[in-house]
Protein chains: 2
Amino acid sequence: MIHTNRAILSFIEDQLTEAEKKDRVFLQTWPAGGHILRQGQGNKYVFVQRTGLSKVHITEDNGKDFIVQFLGEGELMGEIEVIQKNPNLTTITALTEVTAWCITTDYFAYLITHNAELNRLLLISLAHRLNQTSARASYQQVYPAEYAMLKLLAVLATLETPFTKRDLADYLGVSVRSFNRTLKQLRERSIVHPDSFDLYINRDAFERLMREYGE
Amino acid sequence: MIHTNRAILSFIEDQLTEAEKKDRVFLQTWPAGGHILRQGQGNKYVFVQRTGLSKVHITEDNGKDFIVQFLGEGELMGEIEVIQKNPNLTTITALTEVTAWCITTDYFAYLITHNAELNRLLLISLAHRLNQTSARASYQQVYPAEYAMLKLLAVLATLETPFTKRDLADYLGVSVRSFNRTLKQLRERSIVHPDSFDLYINRDAFERLMREYGE
DNA sequence: GAAAAAATGGGACATTTGTCCCAACCTCAC
DNA sequence: GTGAGGTTGGGACAAATGTCCCATTTTTTC
């Protein structure tokens, strides 16, 4: 649910010499709520997130947001646009303070054509995200929201990252009202621990329910 | 809505010599309904569709299908799995008779690391599909089915390709019943021409309606 | 060309989800 | 501290969508 890519981060931090970085690769910090990338604009840099949590989202004309994914340590941002030479399809917003490496688009374009290792890492990252995106689009369309929500809660239960319900609902593509309603029903069926926002899951009941969807 | 990639097809057909192709690149044909790739299995070849129409779909545990995309001339199939070294996430089924180039996975892996042109075409294709997939997931979640359906009908109206309603509904992630119901309402509002399955669109009414969604 | 299988069209009803609304908390800036 | 704005929780109702079903029509198969 939160995409990370330790290999790419490590490439930037360990494989590039100071001379190579010069003024083409540098660190920048955004406060929570800051925009790293804006939908519709072109950008001068490709980013590799070093610390913090951000969201990749699309704001539709009717004002509603869809969250494509959450990004953690190491994930690339803005590389699609460089490859396609298109303006950004998405906005990336910092949810906590975010620190990221900024790589000028020119240098990034140079690197992916001249450095086999980064080229390989990029292909793997794109393939992985394409799979994730397709798989998620599929089950969010095919199953009721409850199912997607359970999958999400199962992941959240292992994290302490504080997401707002607004963001979780946007990720699932449902309204906050629906999110709350489903959560309430899961509490009443003792699948989620009743303590308000602590999303502890009753593993047995959870497994049973997930099996129900698969037949 | 139907992905094509003339550049990749042209690369395979024009850039590779007969000596290079040998027994590593050859043509194969599937009848309508045949499976080019099966979800969960590994595959020995990467395919480049030459003629015909196919669908990339995911069958969920509950038996429902979600169509990730339709493929036309030139699009790559099975390359994600080679890059990721994973079994197929999707099934690819021929909708009409399909002819495709088959490239052994070993040779394909060799090509993308040793041929800069194919590597570039692959990056562009992946980036493009990632954008398409994200954009579609977004508006299918954020807008009512009617909106996605209108976008789809607008494309269909320019084609003569005969899709079944089952496939169109699977693509939109709704039941056939819902698809029919929405279609009926659009007919009643004179946005779609009343003649049954001929999806002629009243362009003026269509544009007006699409604008309504954007505010 | 007849039988079987698949696709179409839609009624009736149940379920899911959204919209609108209000109330109770937080929290952050001044 | 206090007031504005955001977050949470949920009631009431409307709208969208799914399920089940049956009657036709079309396509496929032998």
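We did not get these values from a lab; they are worked out from the coordinates using the rules stated. This is a predicted model, so every value here is computed, not measured. A quick note on method: Cβ atoms are made from the backbone with ideal geometry, for glycine too, and the neighbour counts reach across all protein chains shown.
The figures follow:
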{"read-out": "Neighbour net charge for B:S175 - beta-carbon separation under 12 angstrom, K R +1, D E -1", "value": "+3"}
{"read-out": "Antiparallel bridges, percent of DSSP beta bridges restricted to chain A (to nearest 5)", "value": "95"}
{"read-out": "Shielding by other protein chains, A:83-90, mean Cβ within 10 Å", "value": "4"}
{"read-out": "Proportion of all alpha-carbon pairs of the protein assembly as shown beyond 40 Å (%)", "value": "21"}
{"read-out": "For region A:22-37, 3J(HN,Hα) per residue [Karplus equation, 6.51 cos²θ - 1.76 cosθ + 1.60, θ = phi - 60°, Hz, x = Gly/Pro]", "value": "6, 9, 9, 9, 8, 8, 9, 10, 10, x, 3, x, x, 9, 8, 8"}
{"read-out": "Contour excess over end-to-end distance, with Cα ends at B:A135 and B:E188 and 0.36 nm allotted per residue", "value": "16.1 nm"}
{"read-out": "Dipole magnitude of region B:143-213, debye to nearest 20 (Cβ charges: Lys/Arg +1, Asp/Glu -1, about Cα centre)", "value": "220"}
{"read-out": "FRET efficiency, 1/(1 + (r/R0)^6) with R0 35 Å, evaluated for A:R6 and A:F26 via beta carbons", "value": "0.95"}
{"read-out": "GNM result for chain A, Cα springs below 10 Å: residue of A:T113, A:T133, A:T182 fluctuating most strongly", "value": "A:T113"}
{"read-out": "Shielding by other protein chains, A:117-128, mean Cβ within 10 Å", "value": "4"}
{"read-out": "Net charge over other residues, Cβ less than 11 angstrom from the Cβ of B:G74 (K, R count +1; D, E count -1)", "value": "-1"}
{"read-out": "Charged-residue dipole, Cβ positions (Lys, Arg, Asp, Glu), chain B about Cα centre, Debye nearest 20", "value": "420"}
{"read-out": "Exposure proxy order (Cβ contacts within 10 Å, fewest to most) of B:R50, B:R6, A:R136", "value": "B:R6, B:R50, A:R136"}
{"read-out": "Region A:1-47 versus region B:99-130: alpha-carbon centroid distance in Å", "value": "27"}
{"read-out": "Under the Karplus curve 6.51 cos²θ - 1.76 cosθ + 1.60, θ = phi - 60°, whole-Hz ³J(HN,Hα) for region A:151-157, x wherever Gly or Pro sits", "value": "4, 5, 4, 4, 6, 4, 4"}
{"read-out": "Dipole of the protein assembly as shown [Lys/Arg +1, Asp/Glu -1 at C-beta], most positive-end residue of A:F179, A:Q39, B:C102", "value": "A:F179"}
{"read-out": "Residue order, fewest to most beta carbons within 10 Å, for A:H114, B:H193", "value": "A:H114, B:H193"}
{"read-out": "Sorted by Cβ density within 10 Å, fewest first, the residues B:M149, A:M1", "value": "A:M1, B:M149"}
{"read-out": "Cα centre as origin, Lys/Arg/Asp/Glu Cβ charges: the protein assembly as shown dipole, Debye", "value": "760"}
{"read-out": "At 7 Å out from Cα toward Cβ: A:T17 inter-copy label distances (nm, ascending)", "value": "3.8"}
{"read-out": "Share antiparallel - DSSP beta bridges, the protein assembly as shown, percent rounded to 5", "value": "95"}
{"read-out": "Approximate shape of region A:2-140 as ellipsoid semi-axes (Cα gyration tensor, √5λ), whole Å, largest first", "value": "24, 17, 15"}
